[in-house]
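Have a look at the structure below before the remarks.
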Amino acid sequence: MEQLSLDDWIAREATPFSVDSPRTFNAAVDKVIASLGDSVELLGFGEALHGGKDILILRNRLFQRLVETHGYSAIAIESSFPRARVVNEYVAGRGPASYEAVQDTGFSHSFGRLDANRELVEWMRRYNADPSHRVKLQFYGFDSPTEMTGSDSPGQVLHFVLDYLASLDGASGQEHRERIDRLLGQDSDWENPAAMTDPTKSIGLSPAATALRIETEELISELRVRRPELVAKSDESRYLEAAQYASVARQLLNYHAALAGKSSERLVELLGIRDALMADNLAYMVSHERGRGKVLAFAHNNHLQRGKSQWQLGTDVYTWWPAGSHLNEILGYAVIGSAVGVSDANGIGQPEAGTLEARLTAVPGPARFIPTHKGQGLPTSEIAALPTRSGSVKNPTYFALTPQSFTDFDWLAVLDSTA
């Protein structure tokens, strides 16, 4: 490939589209998907910030096109893995009768309150209700059951596994339940928000928590040893779901142990555990959908990118391996990162001259897809010298593009603005 200047590459490679124009949007999506090839089982679509309305609308339209034309059967979003199960029941036409019944219990991070998430879920429910659609859509959450202000008790995920085992072997299920419930204690002790900043407030390394980690390993071991029998008595899908819940319980207990740790790397360890669990959950979802369709994963750019993630908090800089770096090693994985020019609602002004966002939004829009070619054939020195635009004065989840973005993502989706 001949080496182009950065502006030449942008002018030549950008594919403009509008989500309000089905013709241009569908053609642009089809071009992106064709370039990625047939080996992709999991497509990541990253958001540059949480809550950007137009990015969420773009995600919805993208998923609809992927379902209708490209064989996708599921979407997984950055929301609690166990909570999302009730949303999937709603999408399937079972369980709750209204979206209001799931908008809080079915999402973490208050994401159920976002209008675009309601639109997504209602569209999936209508799609599944159509008998002409043989493959029914699945909704997943792939985040760990944690928040920035606290972490869930392991009780919910452990009880899911115990209920599964008890449904097949009452005696063994009851034996495990008695031992585990003695150690669990109160959910409020696990979910103390003060533990996020003060490790002495966490019970994650208490004698009971340490014993609970051993009991969880015993439970996982029994599931594995008895797999043929348990699958025969239930089915493979139910068994694998219970096994994944057990794995989530194990990692959640590890997370609580790290919360109680005194290491100077405590926050990096927590960030790494969370993203590793995200990757494990997505690998499970891809496996579950195999034979039905492909999966779209939606989360912050920082979780889905291939290279190390970096977060500056005050004068401290934290670096860890995100979910995308793990997924890139174990699956047919591709990822689209997103960027925005302006967002008045989120305190993001015009990008400074010479920044990547300024150059990308200078070509026709109002949105455009641009392939990165993973940086190959592009001017290395020009990319390395790119200044990073200023951030947001209102939304701390906004992260600008950097020179690393060329290798972090296969394509960039760049919007002039978002509400």
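Just so it is clear, none of the values below were taken in a lab; they were calculated from the coordinates. What you see is a predicted model, and the numbers here were worked out from it, not measured in a lab. Methodologically, a virtual Cβ is constructed for each residue, glycine included, from the backbone with ideal geometry; neighbour enumeration extends over all protein chains shown.
Brief remarks follow.
- Highest-first arrangement of 5-12, 261-268, 50-57, where packing means the average Cβ count within 10 Å: 50-57, 5-12, 261-268
- Across Lys136/Lys374; Lys53/Lys201; Lys262/Lys294; Lys308/Lys394, pairs whose alpha-carbon gap is larger than 30 Å: Lys136/Lys374; Lys53/Lys201; Lys262/Lys294
- Highest to lowest packing among 233-241, 403-411, 307-315, 113-121, scored as the average C-beta count within 10 Å: 403-411, 113-121, 233-241, 307-315
- Here the peptides 387-393, 412-418 are ranked by packing, the mean other Cβ count within 10 Å, and the order with the highest first is 412-418, 387-393.
- In order through segment 342-351: 3J(HN,Hα) via Karplus (6.51 cos²θ - 1.76 cosθ + 1.60), integer Hz, x for Gly, Pro: 9, 8, 4, 5, 10, x, 10, x, 4, x
- Taking other C-beta atoms within 10 angstrom as a stand-in for reagent exposure, Ser325, Ser206 fall in the order Ser206, Ser325, fewest first.
- When the square roots of the Cα gyration tensor eigenvalues are ordered a ≥ b ≥ c, the ratio a/c for segment 81-132 is 1.5 or more and a/b exceeds b/c, which makes its shape prolate.
- Whole-Hz Karplus values for segment 305-311 come out as 5, 7, x, 4, 8, 9, 9 Hz, taken residue by residue from phi with 6.51 cos²θ - 1.76 cosθ + 1.60 and θ = phi - 60°; glycine and proline positions read x.
- When Ile330, Ile203 are arranged by Cβ crowding within 10 Å, least crowded first, meaning fewest neighbours, the order is Ile330, Ile203.
- Taking other C-beta atoms within 10 Å as the exposure proxy, Glu357, Glu222, Glu122 rank Glu122, Glu222, Glu357 from fewest upward.
- Helix 207-225 and the longest principal axis of the Cα set of the chain meet at an angle near 90°.
- Computed label-point distance, nm, for sites Ser287 and Glu236 using a 7 Å Cα→Cβ extension: 1.1
- Globularity index of segment 1-133, i.e. its alpha-carbon radius of gyration over 2.2 N^0.38 Å: 1.22
- Max-minus-min Cα coordinates of the chain on each principal axis give 69, 56, 40 Å, with the largest extent listed first.
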